[in-house]
Amino acid sequence: MIRKILASAAACALSMTAMAVSGEKIVVGFSQIGAESAWRTAETISIKTEAEKRGIELIFSDAQQKQENQIKALRNFIAMDVDVIGLAPVVESGWEPVLREVQEAGIPVILVDRKVNVSDESLYESYLGPNVIEEGRNAARWLAERMNGKANIVELQGTVGSAPAIERKQGFEGVIADYPGMRIVMSQSGDFTRAKGKEVMEQWVKSPDFRSVDAIFAHNDDMALGAVQALEESGFRPGKDIVIVSIDGVRDAFVAMVDGKLNCTVECNPLLGPQFFNLVEKLAAGGSIPRWEESFEDVYDETVAAKALPERLY
Ligand code: GZL
């Protein structure tokens, strides 16, 4: 293992180049959030499969959605002197101290699928992920058209403090602000999980105000699918009595759309393994990488679900 020299981006590149020249195996430490959703599981499979395909040694850590476990993992990667760290940060804040330790150890960090909120942007080399605000905007644009600009909406938010929960909400609210007839009447976190999404919906349907609700905006498909289950158990017809738009584009969302129980999903591609390891290998070759490597996505609704379903990979 090439010893790291003093902390600086140039030094990272230099030590990575030396490793590339020496032909030593690249060692990557990846701190994954957990397995909270089908989307997250698909991302993990993509990362592990791609590392194996490229002969890159992957040290993988599952934090079970706890930031303290991710911080421990990063410190472990420092002790193991890995060459690159991939971090999918569960929440935006609280990373500065440990990212400074990583920088001082001369290890470059690539953020994957979620951003961090730090005062010093040099603490990471790149963010690989979607335009999350745009995902929220696309969900609102589709709903505004589907509801002719009029809807009382309940919102299932993602993990509190996470970049996708903050930015999807921001994007969605920014678009519905242009529609006086559209408003969010209830909003609560379902923590990106199917179980919690169901639990929150079970509480909401008991409220007399729920009778005026026309639509659901869920920050991910897993919470939307949990809500679908709760609605059906309470005698509602999800996708018909209540229009549902969510984000991710997981396979079960397409099945639900074909079954008429979900109306639209905004794709958020979790198959980031190839793009992630392209960035890793560029660093290893002493190259520079973009500050933002965008993952690409589309919007799929009930009118195209049946045709798209066979091609869905996750
Ligand atoms: C989005 C990603 C989110 C997914 C959820 O980039 O961070 O985390 O939308 C997952 O399904 O839990």
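The values are calculated or read from the model by the stated rules, or taken from the named source; none is laboratory data. Since the structure is predicted, the reported quantities are computational estimates derived from the model, not experimental observations. Note that we place each Cβ from the backbone using ideal geometry, even for glycine, and neighbour counts take in every protein chain shown. Note: accessible area is taken over every heavy atom of the protein model, side chains too, but ligands, DNA and RNA are not part of it. Shrake-Rupley method; radii C 1.70, N 1.55, O 1.52, S 1.80 Å.
Numbers at a glance
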quantity	calculated
Some residue of the range 135-146 being more than 16 Å from the ligand (Cβ to nearest atom), outside any helix (DSSP H, G or I) and either buried (at least 17 other Cβ atoms within 10 Å of the Cβ) or not charged (D, E, K, R) (or both)	no
Strands (runs of 3 or more DSSP E) contained in the range 149-225 and holding at least 3 residues modelled with pLDDT of 95 or more and within 16 Å of the ligand (Cβ to nearest atom)	151-157, 215-218
Single residue of the range 28-51 satisfying the filter (among the aliphatic types (A, V, I, L, M) and closer than 16 Å to residue 111 by Cβ) that is nearest to the ligand (Cβ to nearest atom)	33
From 273, 260, 249, 235, residue being of a type in the set (Gly, Ala, Ser), in contact with a strand residue (DSSP E or B) (Cβ under 6 Å, 6 or more places away or on another chain) and at pLDDT 95 or above	249
Some residue of the range 235-255 being open to solvent by 10 Å² or more (accessible area, probe 1.4 Å), more than 12 Å from the ligand (Cβ to nearest atom), in a helix (DSSP H, G or I) and closer than 23 Å to residue 296 by Cα	yes
Strands (runs of 3 or more DSSP E) contained in the range 65-133 and holding at least 1 residues assigned by TED's automatic domain parsing to the domain that holds residue 26, under 14 Å from residue 32 (Cα atoms) and of a type in the set (Val, Ile, Thr)	84-87, 109-112
Options 93, 162: the member that is open to solvent by 10 Å² or more (accessible area, probe 1.4 Å) and either polar (S, T, N, Q) or over 17 Å from the mean Cα position of the chain (by Cα) (or both)	93
Meets criteria (part of a loop (DSSP other than H, G, I, E, B) and either within 15 Å of the ligand (Cβ to nearest atom) or touching a residue at least 40 places away in the same chain (Cβ under 8 Å) (or both)) for residue 313	yes
Close pairs from the range 122-146: first closer than 12 Å to residue 112 by Cα and polar (S, T, N, Q), partner open to solvent by less than 10 Å² (accessible area, probe 1.4 Å) and away from the ligand (no atom under 16 Å from the Cβ), Cβ under 8 Å, at least 6 apart	126/279
